[in-house]
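The values are calculated or read from the model by the stated rules, or taken from the named source; none is laboratory data. A quick note: this is a predicted structure, and the numbers were derived from the prediction, not measured. Cβ placement follows ideal geometry from the backbone for every residue including glycine, while neighbour counts extend to all protein chains displayed.
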Amino acid sequence: MGVKVKDRVALITGSGSGIGEGVAKRLSQNGAKIVINDVVQEKIDKVVADIKAAGGEAIGMNIDITKKDQVDEMFKKTVETFGRIDILVNNAGVSRDKGILKLTEEDWDFVVDINLKGQFFCCQGAIGYMREQKFGRIVNISSRAWLGGVGQANYAASKGGVVSLTRTLALELARFGINVNCICPGLIKTPLYDALTEEQVANLIKAQPMGAIGNPNDIAQGVLFFVDDDAGYVTGQVIFICGGRSLWSSLSV
Ligand SMILES: NC(=O)c1ccc[n+]([C@@H]2O[C@H](COP(=O)([O-])OP(=O)(O)OC[C@H]3O[C@@H](n4cnc5c(N)ncnc54)[C@H](O)[C@@H]3O)[C@@H](O)[C@H]2O)c1
């Protein structure tokens, strides 16, 4: 039997490219109605057009998830358009890696605001509607890097915050039929990855137990598991989809 998400309304932040785009398309293929959020209009238009061309239903929302008023407006419009909001995938994220002494306050705020505060605003924006419906599925995208990564103090701290946010909201919302879970991707082939040099890629692949990088579909597979109508007894869980990378330290010999 396939995944049960037919006619569920799903909003995926940062879904103009990469993992978010892959997740949105897989949800659409399984019958969900899709809201594409990003801050780059051309990316939104392309993904919405792709989904419609494949026979799915989708709308775009060009808003910045670090702005609370814009986030609240996005959920209001989603519910006005589709009548409800069932699935929220908090995916939008950025990195700005530097050693701790080089990291500026601006580097810290930029990454933590998008990766953590943005998820907080989106959860708040969706939860009011989900409580009324007595149904909701939230999946927060963290990163394997929350375990620690050299030059990633801001990124790792923001992603560790996502794990704590997930576990806390799972406790607060369990009685309302809202499930909150978290996925920690390892190295995934996205535009983020395409920006790396050949040497950086070679080093990263060396640190992969499977010796390979993943793709957005690998993460979509985890999202589908968590948001399935039949996954109602699963909440507060954190899974790594990282080719085994979470099992060893980069300092291993
Ligand atoms: N690619 C990887 O190897 C990898 C590994 C671990 C975790 N992740 C996480 O997965 C998520 C997606 O990463 P990706 O590789 O697909 O990146 P990506 O850069 O391809 O996509 C992220 C999208 O978010 C959008 N975005 C940025 N700021 C935004 C804002 N303020 N509001 C709304 N949208 C915004 C960007 O325009 C972009 O389209 C991120 O949270 C990232 O930290 C990625």
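In the range 63-76, the condition of being in contact (Cβ under 8 Å) with a residue 40 or more places away in the chain, of a type in the set (S, T, N, Q) and under 30 Å from Gly148 (Cβ atoms) is met by at least one residue.
Pairs meeting the criteria (first residue in the range 1-26 and within 14 Å of Gly136 (Cα to Cα) and more than 16 Å from the ligand (Cβ to nearest atom), second residue of a type in the set (A, V, I, L, M) and in a strand (DSSP E or B), beta carbons under 9 Å, at least 6 apart or on different chains) are Val5/Ile87; Arg8/Ile87; Val9/Ile34; Val9/Val35; Val9/Ile87.
Need pairs with beta-carbon distance below 9 Å; first residue within 23 Å of Cys123 (Cβ to Cβ) and at pLDDT 95 or above and within the range 178-194, second among the hydroxyl-bearing types (Ser, Thr, Tyr) and not in a loop (DSSP other than H, G, I, E, B); sequence gap 6+ or separate chains. Every condition considered, the pairs that remain are Val180/Thr166; Val180/Thr168; Asn181/Thr166; Cys182/Thr166; Cys184/Ser246. Within the range 131-160, the set of residues being within 16 Å of the ligand (Cβ to nearest atom) and in a strand (DSSP E or B) comprises Ile138, Val139, Asn140, Ile141, Gln152. The single condition from (1) at pLDDT 95 or above; (2) not in a helix (DSSP H, G or I) that Val163 fails is (2). Checking each residue in the range 37-57 for being within 10 Å of the ligand (Cβ to nearest atom), hydrophobic (A, V, I, L, M, F, W, C) and in contact with a helix residue (DSSP H, G or I) (Cβ under 8 Å, 6 or more places away or on another chain) picks out only Val47.
Residues checked against (1) away from the ligand (no atom under 16 Å from the Cβ); (2) buried (at least 17 other Cβ atoms within 10 Å of the Cβ); (3) assigned to a loop (DSSP other than H, G, I, E, B); (4) modelled with pLDDT of 95 or more:
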position: Ile59; (1), (2), (3), (4): no, yes, no, yes
position: Phe75; (1), (2), (3), (4): no, yes, no, yes
position: Ile100; (1), (2), (3), (4): yes, no, yes, yes
position: Leu103; (1), (2), (3), (4): yes, yes, yes, yes
position: Gly118; (1), (2), (3), (4): no, yes, no, yes
position: Cys123; (1), (2), (3), (4): no, yes, no, yes
position: Tyr129; (1), (2), (3), (4): yes, yes, no, yes
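Which of the residues that make up the range 205-237 are more than 12 Å from the ligand (Cβ to nearest atom), touching a residue at least 40 places away in the same chain (Cβ under 8 Å) and in a loop (DSSP other than H, G, I, E, B)? Within the range 205-237, Ala207, Asp228, Gly232, Val234, Thr235, Gly236, Gln237 qualify. With respect to the conditions (1) without any contact (Cβ under 8 Å) to a residue 24 or more places away in the chain; (2) of a type outside the set (D, E, K, R); (3) under 17 Å from Leu192 (Cβ atoms), Asn90 falls short on a single one, namely (1). One residue stands out in the range 1-45 among those that are in contact with a Leu (Cβ under 7 Å, 6 or more places away or on another chain) and in a helix (DSSP H, G or I): the one that is surrounded by the most Cβ atoms within 10 Å (Cβ to Cβ), namely Gly18.
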